[in-house]
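Participant: I have a structure I would like to understand better, so I am pasting it below and will then ask my questions one at a time.
The numbers here are math on the coordinates, done by the rules we state, and not lab data. Keep in mind the model is a prediction, meaning the values are calculated, not measured. With ideal geometry, Cβ positions are generated from the backbone for all residues, glycine too; neighbour counts draw on all protein chains shown.
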Amino acid sequence: MASRFQAPRGTFDVLPEQGRARARLERAAAEIFARAGYEPVATPAFEDTALFERGVGKSTDIVRKEMFTFEDKGERSLTLRPEGTAPICRAYLEHGMHKLAQPVKLSYLGPFFRHERPQAGRYRQFHQLGIECIGTDSPLADAEVIMLLSDLLGELGVPGVELRLGSLGSLESRRAYLEDLKAHLHAHEGELSRDVRERIDVNPLRAFDSDDEGTRAVMESAPTIVGQLDGEDAEHFAEVRALLDAAGIAYAVDPTLVRGLDYYTRTIFSFVCDALGAQSEIGGGGRYDGLIEQLGGPATPAVGFAAGIERILLALDEEAPAAGRDAFVAIADPGQRGRAMALAVELRHAGISVEVDLAGRGLKGQLKHANRIGAARVLILEADGSAQLRDMETGEQRAADPGNLVDEMTGGGS
RNA sequence: GUGGCAGUAGCUCAGCUGGUAGAGCUCCGGCUUGUGGUGCCGGCGGUCGCGGGUUCGAGCCCCGUCUGCCACCCCA
């Protein structure tokens, strides 16, 4: 009886079992962000295509081949958002948030879209949560953002997490560095493996990850970005590290760390989880001091991160237990339906989780259902107006005062 | 976008060298003439991903396609 329709490639349905784990994650994130003063915001699921071309960068994989782009009936080119930072910066500018007390601290959560080949942990519609701290270039902001993601993963109990930290320096020094690296690779072309050699001009940084013996030897003497940081960039990076050290957050400096988005400057970081396979990054981000200016605003420093909700859930791999109910209101006679419904509403208002039979079951079926949904107690309404209160764990059952059923249930005694 | 593996009931899977589908779990009902959980019995439920081909005959062989997974790539 398989339906002819299925969810489109790379998309998925969230079913109740996973919905519970998801709700827990979202609640934990909301609390952690709120306690640190990050206010929840939301932006549209699609934006002007040019926002991403300018913000993320025309030469990036995301813009070149992964965007869901379409034209509306007014011939505007729109794109389902592939990431969240550029849209938030757009909103920051559009609503004059640079006039607010700085920094402006925002959090968000929602669906994002990238046309990639699907795999576990990689979807065409996926969900990210993240924060952005806009309007300060202090290393304290870098450290705060990293700590909050670290807190979240720690509170959720994500196992096997590792933090990698790097720095790209300014846009100019990064560009200069890449030229140096390419020059180094070209100078040793003969010693490199073929695939590395072919990618020298496409992605020279990739050479650092090679398993090839000859390539590794060449990379030993290769220049690193971190090693080439100039005065202020080096100082900023040192301060971020000192702050993380002081907070007791473990990290590994990774000079080969790169991000696929053009807007990053200075600090970049990545939380990876070894339980995940190829798509091992569960969250990452960095500083993007040039982005807002790039979008036509005043020069405004900022830092933030995004974390993949599906990847965190995958890493947790937890079987979220069904919640259970405090009570179930059963009826011994169909004439009690109205009374049962009214009582359930009253009990719910009193803070008790209650269900009633919505399927017209007999008493036996109702008890069975109550057991199945994990109801702790069942209130049985008799045809003559009396009531029985049954403890589903012990099986004990006694008469309840029909005039005080809410008190009977909230009083605790059974 | 490239290469590889897989696709049988809602779920987990079996199905020998091709002879026209089976188990367990779930769900519904009975044993139990209003009272759940264990047990026993019964029932519902399958275009064997989809399309084409070979064959007297295909879940099983061949081709195509879709979807998932693994790696590359990329990133959350």
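Participant: Pull out the extension gain between A:R361 and A:L178, defined as 0.36 nm times the separation in residues minus the alpha carbon to alpha carbon distance; nm, one decimal.
Facilitator: The A:R361-A:L178 span can extend by a further 58.8 nm.
Participant: Ok, one more. For A:T265, A:T11, what ranking results if the residue with the fewest other Cβ atoms within 10 Å of its Cβ goes first? Write down the numbers at each step before the final one.
Facilitator: Working: A:T265 26, A:T11 14.
Fewest to most other Cβ atoms nearby, the residues stand as A:T11, A:T265.
Participant: For segment A:244-382, compute Rg over Rh where Rg is the Cα radius of gyration and Rh is the Kirkwood radius from the inverse mean 1/r over Cα pairs.
Facilitator: Rounded to two decimals, Rg over Rh is 1.33.
Participant: On C-alpha positions alone, give me the angle between the axis of helix A:363-372 and the longest principal axis of chain A, in degrees, nearest 10.
Facilitator: 30 degrees
Participant: Using each residue's phi in segment A:40-46, evaluate 6.51 cos²θ - 1.76 cosθ + 1.60 at θ = phi - 60° and report the 3J(HN,Hα) Karplus result to the nearest Hz, with x for Gly and Pro.
Facilitator: Result, rounded to whole Hz: x, 9, 9, 10, x, 6, 10.
Participant: Something else about it: Output ³J(HN,Hα) for segment A:51-59: one whole-Hz value per residue in order, computed from phi by the Karplus curve 6.51 cos²θ - 1.76 cosθ + 1.60 with θ = phi - 60°, and x for Gly and Pro.
Facilitator: Once rounded to whole Hz, the list reads 4, 7, 4, 7, x, 7, x, 5, 8.
Participant: Provide the FRET efficiency to the nearest 0.05 for the A:R216-A:F12 pair, computing r from the beta carbons and using R0 = 35 Å.
Facilitator: 0.35
Participant: May I pose another question? Expected output is a single nm value to one decimal: the length gained when fully extending between A:S353 and A:L140, i.e. 0.36 nm times separation in residues minus the C-alpha distance. What is it?
Facilitator: Details: separation 213, 0.36 × 213 = 76.68 nm, distance 4.40 nm.
Once the chain is fully extended between A:S353 and A:L140, it gains 72.3 nm.
Participant: How many angstrom lie between the C-alpha centres of segment A:266-291 and segment A:1-75?
Facilitator: If you average the Cα positions of each part, the centres end up 17 Å apart.
Participant: What angle, in degrees between 0 and 90 and rounded to the nearest 10, separates the Cα long axis of helix A:139-156 from the longest principal axis of the Cα atoms of chain A?
Facilitator: The helix A:139-156 is inclined about 40 degrees to chain A.
Participant: Please work out the Cα center distance from segment A:191-240 to segment A:345-413, rounded to the nearest Å.
Facilitator: Taking the Cα centre of each part, segment A:191-240 and segment A:345-413 sit 67 Å apart.
Participant: Follow-up. What is the spin-label model distance, in nm, from A:L171 to A:A238 if the labels are put 7 Å beyond Cα along the C-beta direction?
Facilitator: 2.7 nm
Participant: On to the next question. In degrees from 0 to 90, rounded to the nearest 10, what is the angle of the helix A:85-94 Cα long axis to the longest principal axis of chain A?
Facilitator: Roughly 90 degrees between the two axes.
Participant: I've got another one for you. May I ask you to compute the full-extension gain from A:A250 to A:R194, defined as 0.36 nm times their residue separation minus their alpha-carbon distance, rounded to one decimal in nm?
Facilitator: 16.6 nm
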